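The structure under discussion appears below in the form of structure tokens.
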Amino acid sequence: MSEAADAHSAQVRDEFAYQADSFARSPTMSLAETLDVLVDLVPEDAGARWIEVACGPGLIARAMAPRVGSVVGLDLTPAMIEKARADVAAARVENVSFELGDATAIDLPDDSLDGAITRFSLHHIPGPVRVLEEMRRVVRPGGYVVVADHVTDDDGAAAAWHEEIERLRDPSHWACLTPARIAELAGRVGLEPDAEEVVPFAIDYGEWLNRGSGSLVSEDLIERLLGEAPATVESFLLSGAGDERRLNLRNSLHRWRVP
């Protein structure tokens, strides 16, 4: 790993150690538009072995557990793995386990799983194609790779404005992709399209803002930038007023087959 990539990985660990409890409790993570629609892309197969990469507190792994034989969750942040293990034990889900690990260097053999899934991770990772390469590598031919991430706009000015706000709020943020870019990267690593959908969703602005460590010092600047939105913005829109403000986002969902 390069020095720059290693420094960013440390930043991700620090940020998600900070967010471990608030992320797990966040209503955003359990919305039908962010959770149910993703789990529905996992085929029911009582014998299937899956991995959730960049699993955080393991919400996806637990939600898909009734559909598959087993799930292992992998995450870079020790605090997230500790939270995931505690929550899965409390829920008495027996076919899910969690391990420390890097989504860009999965410590499993080639063709060893039936499926791989990740949510809201690609925008934290420099060179997200590395994640797709690894997910494809560990999944057997005929298996599935499933990805969901909130996305940005095709318009350059809108995307740049969006990134400024995301990075101020969460220092571990790298770059949101567009749905077309995600599909392009998947094609580059040889994945075959099987299902694709973009689902709008809305979240509480205050909860989103306060979950990120950057808001402690950047709230005023974030507020200023939100008032300067380019007219072309479609993927990151603020609505409402006062305590009722909502962020309107887009969740890009993809399922591919491994040839």
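FYI, it's all coordinate maths here, none of it is from the lab. Small disclaimer: the values here were computed from a predicted structure and weren't measured. Glycine gets a Cβ as well: all are built from the backbone with ideal geometry, and neighbour counts include every protein chain shown.
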Notebook entry, point to check: Taking only DSSP H segments of four or more residues, each worth -39500 (n - 2.57), what value at 222 nm results for the chain once the sum is divided by all its residues, to the nearest 500 deg cm²/dmol?
Noted result: -11500 deg cm²/dmol
Notebook entry, point to check: What are the residues whose amide H is under 5 Å from the amide H of PHE98, where those residues sit 5 or more places off or on another chain and H is modelled from the backbone?
Noted result: GLY73
Note to self: Just to check I understand the Karplus step: with θ = phi - 60° and J = 6.51 cos²θ - 1.76 cosθ + 1.60, what whole-Hz values come out for the range 133-148, glycine and proline as x?
What the structure shows: 4, 5, 4, 5, 4, 7, 9, 5, x, x, x, 10, 10, 10, 9, 9
Notebook entry, point to check: Residue by residue through the range 99-115, which ³J(HN,Hα) values in whole Hz follow from phi under the Karplus form 6.51 cos²θ - 1.76 cosθ + 1.60 (θ = phi - 60°), with glycine and proline marked x?
Noted result: 9, 5, x, 9, 4, 8, 7, 6, 8, 9, x, 4, 6, 9, 10, 8, x
Checklist line | Å³ per residue enclosed by the Cα convex hull of the range 123-259 | finding: 106 Å³
Checklist line | the range 40-185: Rg to Rh, with Rh as the Kirkwood radius over Cα pairs | finding: 0.99
Check: According to the Cα gyration tensor, what semi-axes, each the square root of 5 times an eigenvalue, does the equivalent ellipsoid of the range 119-173 have, listed from largest to smallest in whole Å?
Finding: 27, 12, 9
Next item on the list: Highest first, please rank the peptides 42-48, 210-216, 52-58 by the mean number of other Cβ atoms sitting within 10 Å of their residues.
Entry: 52-58, 210-216, 42-48
Checklist line | Cα-Cα separations in the chain greater than 35 Å, expressed as whole percent | finding: 11 percent
Notebook entry, point to check: Hey, what's the per residue convex hull volume over the C-alpha atoms of the range 1-117, in cubic angstrom?
Noted result: 104 Å³
Note to self: Based on alpha-carbon centroids, what's the gap between the range 212-237 and the range 93-130 in Å, whole number please?
What the structure shows: 30 Å
Item checked: Normalised alpha carbon radius of gyration of the range 64-110 [divisor 2.2 N^0.38 Å] -> 1.19
Next item on the list: For the range 250-259, take each phi angle, set θ = phi - 60°, evaluate the Karplus expression 6.51 cos²θ - 1.76 cosθ + 1.60, and give the result in whole Hz per residue in order, putting x for glycine and proline.
Entry: 10, 9, 9, 10, 9, 10, 10, 9, 8, x
Next item on the list: Please give the FRET efficiency for ASP243 paired with GLU82, using the beta carbon to beta carbon distance and R0 = 30 Å, rounded to the nearest 0.05.
Entry: 0.40
Next item on the list: Take peptides 68-75, 143-150 and line them up by average Cβ neighbours within 10 Å, highest first, as a rough protection proxy.
Entry: 143-150, 68-75
